[in-house]
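A short write-up of the structure that comes next.
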Amino acid sequence: MAQVLEVANVSKSFTMHLRGGVVLPVMRDVSFGVAAGECVVLAGPSGIGKSSILKMIFGSYRCDHGLIRVHHAPHATDIAQAPPREIIALRQRVIAYVSQFLRAIPRVAALDVAAEPLIASGTAREAARERAASLLAYLNVPERLRGLPPATFSGGEQQRVNIARGFVGEHPLLLLDEPTASLDAENRAAVVQLINERKRRGAAIVAIVHDLDVRDAIADRLIDVTAFSAAA
Amino acid sequence: MLDAHVIESAGADAAVLADQPLLISEGLTKWYGRQLGCRDVSFELYAGEVLAIVGESGSGKSTLLQMLAGQMAITAGRVLYRMRDGATRDLATLTEAERRFLFRTDWGYVQQDATLGLRMGVSAGGNVGERLMAVGWRHYGKIRHEAESWLDRVEIDSARIDESPRSFSGGMRQRLQIARNLVTAPRLVLMDEPTGGLDVSVQARLLDLLRRLVQDLSLAAVVVTHDLAVARLLSQRIMVMKGGRVIEQGLTDQVLDDPQEPYTQLLVSSVVPV
Amino acid sequence: MSERTYNFAYLDEQTKRMIRRALLKAVAIPGYQVPFASREMPMPYGWGTGGVQVTAAVLGPDDVLKVIDQGSDDTTNAVSIRKFFAKTAGVRTTTHTEEATVIQTRHRIPEQTLTADQILVFQVPIPEPLRFLEPRETETRRMHALAEYGVMHVKLYEDIARHGHIATTYAYPASVADRYVMDPSPIPKFDNPKLDDCAALQLFGAGREKRIYAIPPHTKVVSLDFEDHPFERYRHDAPCALCGATDSFLDEVITDDRGARMFVCSDSDYCERRRESAASAPKPVSAEAPHA
């Protein structure tokens, strides 16, 4: 199947200028690829830098060297070198990111939080909200909550809104950071089904999952990130 | 099991980033005698993009905005703008008439102090309608109707259309100023500390409104602010300035989550999380 | 016979030349306010010094001068200015509109249609129509230069919003030759249509503000309005109590303490002529308002 993501020799370190310039190396020579319809799970202990890899792919973090190529026929873009406007365009239609914690604007209703990526890429507001509503329904977020801002929701409810937001568009590359961490068994199963269905539709998925059952249910390949760790 | 939905695109401009930049700043520099205002600022802004310019007092961000808006003479560099007819013009080559017309129609400028951006002696409706009348609208009923719908859009009770902004709160005045600027469907809006001086809850409401308007109208905007939260909320791109120079620029979330320069790291770490 | 101590029409020839140059500019650019070096006159600002200077510059020994104030020849202002020119220029003066070659007026245009042989000189207090909304002179000059007249319609909009109709009843702004917007001086809006396509030369002088402007003969003058609130002349709905005219601008005169009032032609000459011709004409059997 077509290669969607190519990560080659990516290295990342943080330079803490406020701490006298101390350098914290994180990753060295990270290399892997993901094909359409494939789910790759990044494995490794906490704090090793798995989330950093996802953030570099999304463009939230810089990388020191290396190549992060995203294929979106007929183009291919290297996130590591691309100008901001290309990355913005990719985020609208190609790459979706479900972060570990929902970081939503305090006063926006859950339905609008979930619908936003569709609206940003050009869908009419009403159609986007309908799609978001059906996703929220699938994820068992009750209707009475959809008009409320998620700030007061439980961790699990917030995460489900976050997932809806990540899945509302038909982005061919999905980055999932602990999508089921705060969910009960029923909702975990629903998310697993959502992920697998996306895979069947050709999405490429890179996920961080600690729960072994979920991992087994979605992963086509496991990548042990410890091999790339740069920490001393 | 979910059905595969087919989503019809509304054809909104947000989905289509134009091929040509809308606004280009080339090496903009301002010297006040021997005092540096800002130096060598270059960027390109495309339709639908919001660029935040952040910095502390004296960073040069306001100087930059005023030069972009043609309100301050440029020492060196150029500002180029793609007009509605598609031609990209150096603003310095426009006649004064052309420039003033541009600023009344295709551009908006939201001042920090709303009293400077409004006619305080004129009713809210008159304030919103002025730009329309300036471009030739001559039907009172239509002007009023348009003003009413804009007041609704910025969440001002349209029953207050005949009141003077003197009776409005700070947040309402700012929203009125926004309506006044957006009524001629400008493609570019410059904002100078749009939430400055407002109460926190009022700021929040204003920011939500701005976000929605920018998105719905596919506006390009340059927002000058000292508040990183405003930058994170409104912009996709950010430029950090200090002492008249650009320290760092790029994607907003990237610069704020993974700041590279010492000053940027200092700025980001100085914000107390709530 | 008093010794003649004044130059003809009071002003020295150099000053008249300067004012005439300003007048030429004004006529060349209809509606544009030409700055001029307004002189000290023997009457204070606010008493028609601008109009007097313009009249003094255009007056010749063969001219016949009429001076009116609010339409009347016999109010203080009109009388003293007429006497002033009689003394300093020795010109013939008249109260009859059709006899005059130069008519100086404060706040009215005569009812009688003017001819190509006549010059109408207006006394203007504030020449700048944009002043009420824009106090800065630098800005108003720029607005005129760039023809940025949106604010004029804002004023009219405000009127309609506040009063339901355009409430400006005098000094009603008008667009001259499709270019400059001017303040026609505090004439009632009833008179605005007379500015348009007038056969006479119309000159405007503001002494305190030091501006001169002009409407050449047969120039297009259009009063500003909205499509759905078109310009309307306002006139009291009554015939003149003295001459019965139904087409002249009326003054309202209160006749007693209980609010009784009557409406009388503002243009005293016009009213008198109508009464004279009614008296001398053979009496038809028709309804004719009795005259005093």
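The values are calculated or read from the model by the stated rules, or taken from the named source; none is laboratory data. Quick caveat, the model's predicted, so the values are computed rather than measured. A quick note on method: Cβ atoms are made from the backbone with ideal geometry, for glycine too, and the neighbour counts reach across all protein chains shown. Remember, those area values only see protein heavy atoms, side chains included, never the ligands or the DNA or RNA. Shrake-Rupley method; radii C 1.70, N 1.55, O 1.52, S 1.80 Å.
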Residue-wise, which Karplus ³J(HN,Hα) couplings in Hz belong to segment C:42-49, taking 6.51 cos²θ - 1.76 cosθ + 1.60, θ = phi - 60°, and x for glycine or proline?
x, 9, x, 4, x, 10, x, 4
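Residue C:178 to residue C:96: FRET efficiency via 1/(1 + (r/R0)^6), r the Cβ-Cβ distance, R0 41 Å, to the nearest 0.05? Kindly include the intermediate steps, with their values, before the conclusion.
Details: r = 35 Å, r/R0 = 0.86.
Given R0 = 41 Å and the Cβ-Cβ separation, E is 0.70.
Net charge near residue B:167, counting Lys/Arg +1 and Asp/Glu -1 over other residues with Cβ under 11 Å of its Cβ?
+1
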Vicinal HN-Hα couplings computed from phi for segment C:219-226 (Karplus, 6.51 cos²θ - 1.76 cosθ + 1.60; Hz; Gly/Pro x)
9, 6, 10, 10, 6, 6, 7, 10
Whole-number accessible area per residue in Å² for segment B:9-114, which is evaluated in the context of all protein chains at 1.4 Å
45
Roughly how many whole Å is it from the C-alpha centroid of segment B:120-196 to that of segment B:215-259?
27
For segment C:141-158, residues shielded by at least 10 square angstrom of accessible area compared with the chain on its own, probe 1.4 Å
C:142, C:146, C:148, C:150, C:151, C:153, C:154, C:157, C:158
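Highest mean first, what order results for C:12-21, B:193-202, A:124-133 on Cβ atoms within 10 Å?
Descending mean neighbour count gives A:124-133, B:193-202, C:12-21.
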Considering only protein heavy atoms, what per residue accessible area in square angstrom results for segment B:154-274 with a 1.4 angstrom probe?
37
Can you tell me the length gained on complete extension of the stretch residue B:142 to residue B:75, counting 0.36 nm per residue apart and subtracting the Cα distance?
19.7 nm
Computed on protein heavy atoms with a 1.4 Å probe, what is the summed buried accessible area for the chain pair B and C, in Å² to the nearest 100?
1800
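What accessible area per residue, rounded to a whole number of Å², is obtained for chain A using a probe radius of 1.4 Å?
Dividing the accessible area of chain A by its residue count gives 42 Å².
Could I get the Rg over Rh figure for segment A:61-118? Both from C-alpha atoms, Rh via Kirkwood, rounded to two places. Can you show the working numbers first?
Working: Rg = 14.1 Å, Rh = 13.5 Å.
In segment A:61-118, Rg relative to Rh is 1.05.
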Per GNM of chain A with C-alpha springs under 10 angstrom, the most fluctuating residue out of A:84, A:149, A:117 is A:84
Residue mean of other protein chain beta carbons inside 10 Å, A:111-122:
3
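Determine the gain in length on full extension of the stretch residue B:40-residue B:93; use 0.36 nm per residue of separation and subtract their C-alpha separation, reporting nm with one decimal.
Values: separation 53, 0.36 × 53 = 19.08 nm, distance 2.01 nm.
My answer for the length gained is 17.1 nm.
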Answer rounded, prolate or oblate for segment B:141-235, using the Cα gyration tensor with square roots of eigenvalues a ≥ b ≥ c: rounded when a/c is under 1.5, else prolate when a/b is larger than b/c, else oblate.
oblate
Here, chain B modelled as identical Cα point scatterers in vacuum has Debye log10 I(q)/I(0) at q = 0.10, 0.13 Å⁻¹ of -0.54, -0.91
What is the average number of partner chain Cβ atoms found within 10 Å of a Cβ in B:251-264?
5
Mind listing the phi-derived Karplus ³J(HN,Hα) values for segment A:150-159, rounded to whole Hz, using 6.51, -1.76 and 1.60 with θ = phi - 60°, and x for any glycine or proline?
x, 4, 9, 6, 6, x, x, 5, 4, 5
Asked for the total accessible area buried by B and A (1.4 Å probe, Å², nearest 100), one would answer 3400
Once the Cβ-Cβ distance between residue C:257 and residue C:234 is put in as r, and R0 is 30 Å, what FRET efficiency do you end up with, to the nearest 0.05?
0.65
Amide H neighbours of residue A:15 under 5 Å, at least 5 residues apart or on other chains, H built in the peptide plane: list them.
A:24
Mean ellipticity per residue at 222 nm, deg cm²/dmol - from DSSP H runs of n ≥ 4 across the protein assembly as shown, formula -39500 (n - 2.57)
-10000 deg cm²/dmol
Per-pair calculated FRET efficiency, R0 = 45 Å: residue B:155 and residue A:213 via Cβ, rounded to 0.05:
0.40
Per the 1.4 Å probe, what fraction of the accessible area of the protein assembly as shown, in percent, lies on carbon and sulfur atoms?
51
With the crude spin-label approximation of a point 7 Å out along Cα→Cβ, what separation in nm comes out for residue C:170 versus residue B:201?
5.2
If you wrap a convex hull around the C-alpha atoms of segment B:220-260 and split its volume per residue, what is the figure in Å³?
71
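So what's the convex hull volume per residue for the Cα atoms of the protein assembly as shown, in Å³?
Working: hull volume 178.9 nm³, N = 798.
Taking the convex hull of the Cα positions in the protein assembly as shown, it is 224 Å³ per residue.
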For the pair residue A:24 and residue B:19, how long in nm is the line joining their label points, each one 7 Å along Cα→Cβ?
4.6
Using a loss threshold of 20 Å², tell me which positions in segment B:138-169 are less accessible in the complex than in their chain alone. Probe radius 1.4 Å, ligands and nucleic acids ignored.
B:138, B:139, B:140, B:162
Surface/4 of the Cα convex hull for chain C, nm²
18.8
